[in-house]
Amino acid sequence: MRTFGRHSILVRSAVMLLGSFFLAGAVTISISLAFTSARQHQAATDRLNRLLDTVESTVRIACFVQDEKLADEVAQGLLKNKEVQSVTISSEDGRARRLLSDSRHGLITSGLRLAREVRSPFNAEKVIGRIQVDANTTAIADDIHDEVRFITLEIIGQLVLIALTVVAVMLVFIVRPIKAMSDGLHRMDATKGERLAVPRNHANSEIGRLVHDINGLAGNLVDTLDQERTLRLDKEVEEKKYHSIFENAETGIFIVDQAENLPSWNPAFALLLGIPTNEVYQGTLNIRQLPWENASRIVEMALNCRLDNIGLSDDLAIRLRNGSRRWLSVVLTPVGEDLLQGVVHDVTEHKEAEASARRLSVTDALTGMANRLGLEEELQAMLRDPLIAQTGGFALVLADLDNFRRINEGFGLPTGDAILRGAATRLGRCVKGSDTLARLTDDRFALILQSVTGSEEAGRIAERILASIRKPFPVDDAQIQIHASLGITLYPKDGADIPGLLRNAELALDRAKTMGGNGFVFFDPALTEAAEQRRHQENDLRQAIQNREFRLYFQPIVDLADNRLAGAEALIRWLQPEQGLIPPDAFIPLAEKIGLIDEIGLWVLDAACAQLAGWQAQGLDRYLSVNISAHQIPDGLPPAALADAVRRHGVDPARMALEITEGVLLADVNKALTWIEAAHGLGFRIYLDDFGTGYSSLSYLKRFPVDTIKVDKSFVGDMGEDGGDRTLVEAVVAMARSLGMSVVAEGVETAGQLDLLRAMNCRYGQGYYFSRPVPAEQFEAAAVRIDKMLAGRVEAPA
């Protein structure tokens, strides 16, 4: 039956192929008939036109001479052609007149008619007659029929030959090899390595490639069966392993069905959940019966796991029969047939470690009070608490220990830590136990005073805090005294969110520190406006650097001993497009605060070197001094940058003086000393500016390589009226001379002051008496005027 079936398929295939050939033949015959008919019709028309061409000259003569006999002979000649049905020749000499008409059958039935005008043999534009020929369509149709019949028989014969050839080719090259392949395929046992043989002469044909594909599929099928058998064996082994793991695992494993019952669980699960091993549940143990603190959570997990067909995990608490509380990590995973597999392990120690880490993350390690994160969490909790609104709010206080950095630098970090712990203790004694204390940074604390809503009560507490901090701190054998600054803001009066409260308290604290510290300031909206103005100024200052809006002004320095111009001090000015010329005191502190002083300082150094190079090129014996901020030392203006600047401009570093203040020396003694020694070693002069305004200047004069002291103008200006100031200046000049240093007296504004300085043998003077600071393009005019003034030829400027 299988052989008969295969033969039937092949026969049907051959019949379908022959049917396709004959259908194609029928279409071809139809198309050929249409084309042949049209072609024969066109050929008949062409033949009739040629007949007319043949007789046209004769008809022209017959019409011209009105020769009916000649016209009749032409018509008879045309009618001898079987394709001509009738002929009509007419003459026109002003009126139409029929000369001759003849027809084979008397009645014209032609569907094809040819007509042509007859023109005069002497005037081609004159029409003298007309000839009309009607075709014999019957004769033409007979010719077309004969042609079509011949072509049809020819095409049928060709199709029959092609069909027989195709069938023979199919039988020999396709049907027979496929039958052989089919027979071999049914006899082949692929599992024993048997494969189909390629039919003869088909090694490189499509049938040969088909045999190779079948053999490949057979090999793949055998491999797949082998893999399936291996997987089945592996699965059996894995199931045995799973059962062994299930029973012996330290992790709890259980199965939950759709009714929330537990068909099975392992011993570890029973131990973790406190299920007695001597009780038999017979599949009736429900997951809700287990000692969960929140049973609805595990039920919700199981429901979501089934609905979403995804694994879920969570940490759940249980309460065992002995009262102990444990944390379990539970993972639920769908395993098919509405069953869930759960895996449970004890994470109690991990949870406790997390809680401990959480406590540490919000606790300051040094003082044991809350840190910044703890403060913000407490503020968040208070803002969410409706009782806070009922009690009227609270006060937030920021406390900063003034100049605490000097404690660390002067006494060491252990002493500083001891004072911080003591300060934290004192703060705690100044407030209620329900209040919150936090340490935000090294020397900054925060206090939340609950139910404190008025400035009067907050002020009393602030005074108590300040008085407590002022008391000396006993550390080892020393008594260290410090004081604090406080910034206070009230909720909800001053702010309704945490960032706003902290910002407002920070603004109030900054105001308290700028007022000298050792006091407290309440937040005021005007502080916000001032902060906004500073922010705009910061943006303008950054823009000024990009737009090169800074200018250097130069104030002359006069050598009082030699009575000549010795040099100048370079003073920066900011040429603000809207505000005009801004002095350094108005923007340098801000530049120091926001970190722009380094970039500005490098520009000043470069511009000063360029000016000094110009003086050198002119052969002028002048020096130039520039002011150095404490924030530039040591990294903002490293000695390498100094050396690079003078090298690029080709100036002598000995003609460049670096003016530093006592703040530089006090900030970090070791770093300042290293930087100053390096700059001095490069050849730069070191000036100590504003001398006399600090309390520790004298102790550093011998330690630091200072070349010149600049006496502050506040002392010089009062020399004529205050004998103490005159004595102080005189003492500084004498002391400097004994130490081999020079002195520049700042703020010289009168001739009397100049005479006093000369009497003291002060070497240099600087001030409005000689000249105000002027831009570079006006400096030479000022220099000429100073030379004349020193020579006594002009008066000092008013």
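The values are calculated or read from the model by the stated rules, or taken from the named source; none is laboratory data. Keep in mind that what you see is a predicted model, and the values were worked out from it rather than measured. As a convention, Cβ positions derive from the backbone with ideal geometry for all residues, glycine included, and neighbour counts pool all protein chains shown. Heavy atoms of the whole protein, side chains included, go into the accessibility calculation; ligands, DNA and RNA do not. Shrake-Rupley method; radii C 1.70, N 1.55, O 1.52, S 1.80 Å.
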query: Checking residue 592 against (1) within 36 Å of the chain's Cα centre (by Cα); (2) modelled with pLDDT of 95 or more, which single condition isn't satisfied?
result: (2)
- request: Could you grab the pairs with beta carbons closer than 9 Å, sequence gap of 6+ or different chains, first residue in the range 441-457 and under 11 Å from residue 396 (Cβ atoms), second one of a type in the set (D, E, K, R) and assigned to a strand (DSSP E or B)?
  value: 446/439
- request: Scan the range 548-588 for residues that are without any contact (Cβ under 8 Å) to a residue 24 or more places away in the chain and part of a loop (DSSP other than H, G, I, E, B) and jot them down.
  value: 548, 562, 578, 579, 583
field: Count of the range 472-502 residues which are surrounded by fewer than 20 Cβ atoms within 10 Å (Cβ to Cβ), touching a residue at least 60 places away in the same chain (Cβ under 8 Å) and assigned to a strand (DSSP E or B)
entry: 3
statement: For the range 714-732 the number of residues that are open to solvent by less than 60 Å² (accessible area, probe 1.4 Å) and not in a loop (DSSP other than H, G, I, E, B) is 10
- request: State yes or no: is residue 174 closer than 30 Å to residue 29 by Cα, surrounded by 14 or more Cβ atoms within 10 Å (Cβ to Cβ) and either modelled with pLDDT under 80 or touching a helix residue (DSSP H, G or I) at 6+ places or on another chain (Cβ under 9 Å) (or both)?
  value: yes
- request: Mind listing whichever residues of the range 644-675 are farther than 17 Å from residue 603 by Cβ and modelled with pLDDT of 90 or more?
  value: 647, 650, 652, 653, 654, 655, 657, 660, 674, 675
Every residue from the range 51-73 that is crowded, with 22+ Cβ neighbours inside 10 Å and under 17 Å from residue 134 (Cβ atoms): 59, 71
message: Looking at the range 74-95 only, could you name the residues that are modelled with pLDDT under 80 and either of a type in the set (Phe, Trp, Tyr) or open to solvent by less than 80 Å² (accessible area, probe 1.4 Å) (or both)?
response: 83, 91
- prompt: Within the range 405-417, which residues are buried (at least 19 other Cβ atoms within 10 Å of the Cβ) and over 44 Å from the mean Cα position of the chain (by Cα)?
  reply: 407
message: Can you find, within the range 146-167, the residue that is nearest to the chain's Cα centre (by Cα) among those that are surrounded by 13 or more Cβ atoms within 10 Å (Cβ to Cβ) and either at pLDDT below 80 or within 29 Å of residue 81 (Cα to Cα) (or both)?
response: 166
message: Take residue 559 and tell me if it is in contact with a helix residue (DSSP H, G or I) (Cβ under 9 Å, 6 or more places away or on another chain) and surrounded by fewer than 17 Cβ atoms within 10 Å (Cβ to Cβ).
response: no
field: Test: residue in the range 379-390 that is of a type in the set (Gly, Ala, Ser), modelled with pLDDT under 90 and open to solvent by 60 Å² or more (accessible area, probe 1.4 Å)
entry: yes
- request: For the range 440-448, state whether one or more residues are crowded, with 21+ Cβ neighbours inside 10 Å, part of a helix (DSSP H, G or I) and either within 47 Å of the chain's Cα centre (by Cα) or not aromatic (Phe, Trp, Tyr) (or both).
  value: no
field: Extreme residue, farthest from residue 452 (Cα to Cα), among residues of the range 394-404 that are open to solvent by less than 20 Å² (accessible area, probe 1.4 Å) and not in a strand (DSSP E or B)
entry: 404
query: Going by the conditions given, is residue 366 assigned by TED's automatic domain parsing to the domain that holds residue 275 and surrounded by 11 or more Cβ atoms within 10 Å (Cβ to Cβ)?
result: no
query: Could you say whether any residue in the range 367-388 is within 16 Å of residue 435 (Cβ to Cβ), among the polar types (S, T, N, Q) and either in a loop (DSSP other than H, G, I, E, B) or without any contact (Cβ under 8 Å) to a residue 40 or more places away in the chain (or both)?
result: yes
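A quick yes/no check of all residues on (1) closer than 30 Å to residue 49 by Cα; (2) open to solvent by less than 80 Å² (accessible area, probe 1.4 Å); (3) of a type outside the set (S, T, N, Q); (4) free of Cβ contacts under 8 Å to residues at least 12 places away in the same chain:
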{"site": "144", "(1), (2), (3), (4)": "yes, yes, yes, no"}
{"site": "169", "(1), (2), (3), (4)": "no, yes, yes, yes"}
{"site": "188", "(1), (2), (3), (4)": "no, yes, yes, no"}
{"site": "193", "(1), (2), (3), (4)": "no, yes, yes, yes"}
{"site": "221", "(1), (2), (3), (4)": "no, no, yes, no"}
- prompt: Do we have residue 540 as part of a loop (DSSP other than H, G, I, E, B) and open to solvent by 20 Å² or more (accessible area, probe 1.4 Å) here?
  reply: no
Filter result for residue 723 (under 21 Å from residue 658 (Cβ atoms) and over 60 Å from the mean Cα position of the chain (by Cα)): no
